[in-house]
Amino acid sequence: MLYTFEVAGISHKNTDGEPRREIVIDNLHPDFSGIEVSFRRHSGNRSDKNAVGVYIEGKNTEPVMIGFLPRDLAKDVSPMMKLGHVVDDIKITRVWVPSYSDVATPVVVISFDGDWTRNDINNYKKQVSEERKLARSRRIDVNANTQHTEIKNKKSHLNIFSRLFSFLKSPIKK
């Protein structure tokens, strides 16, 4: 499947404090030829378990993050990457850096090809849904058994207390 998207999160800073906006301006403007683009899953991300980071790398530089795939796209791409599908032909198609402001966010448009189909995505989502239903029904069964046991124990305790109470109420015979 062919995808095209605008990189999200360029206005934020990376964990080392470096503003992504400055990374984009320094590395991609005015010429972005020779820049390699890669994706990395960020499954430990608190905001989005499907987060996929977008990284750029020049000829003599280390990969550096410039943002993320948009959330709606990442929910399809991240599971496919996790399953071992290949993301191919990633390239920057457009970079726009606003000239009217020193703080406005640049826009980076990227396209890539995934070796999966819409059917692959739908099958994965169906499988996950079925697994969740099964887990939910197991939890319900466990809860029902636990409640049944608790009720049985309460009845047993009530029976013991009622016997003790009736024993104490009965007249003492000598």
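Each value in this text was obtained by applying a stated rule to the coordinates, not by laboratory testing. Worth saying up front: this structure is predicted, and the values here are computed from it rather than measured. All Cβ positions, even for glycine, are placed from backbone atoms using ideal geometry, and neighbour counts span all protein chains on display.
Near the amide H of ARG94, under 5 Å away, which other amide H atoms are found, from residues 5 or more places off or on another chain, if H is placed in the peptide plane?
Counting only residues 5 or more places away or on other chains, the set is VAL109.
Students often forget the sequence filter, so: which aspartates and glutamates lie under 17 Å Cα-Cα from LYS91 once same-chain residues fewer than 8 apart are removed?
GLU6, ASP31, GLU36, GLU57, ASP113, ASP115
Give me a comma-separated list of calculated 3J(HN,Hα) values for region 20-25, in order, Karplus coefficients 6.51, -1.76, 1.60 applied at θ = phi - 60°, integers in Hz, x for any Gly or Pro.
4, 4, 5, 4, 4, 5
Using the Karplus equation 6.51 cos²θ - 1.76 cosθ + 1.60 (θ = phi - 60°), what ³J(HN,Hα) coupling, rounded to whole Hz, does each residue of region 65-77 give in order, writing x for Gly and Pro?
7, 10, x, 9, 5, x, 3, 4, 6, 4, 5, 8, 6
Given the C-alpha centroids of region 1-52 and region 70-100, what is the distance between them in whole angstrom?
9 Å
For each pair in LYS13/LYS49; LYS59/LYS82; LYS49/LYS125, compute the distance between the two Cα atoms and list the pairs where it is over 26 Å.
LYS59/LYS82, as the Cα separations exceed 26 Å there.
Suppose each label sits 7 Å from its Cα in the direction of the beta carbon; what would the TYR100-ASP141 distance come out to in nanometres?
According to this spin-label approximation, the distance is 6.3 nm.
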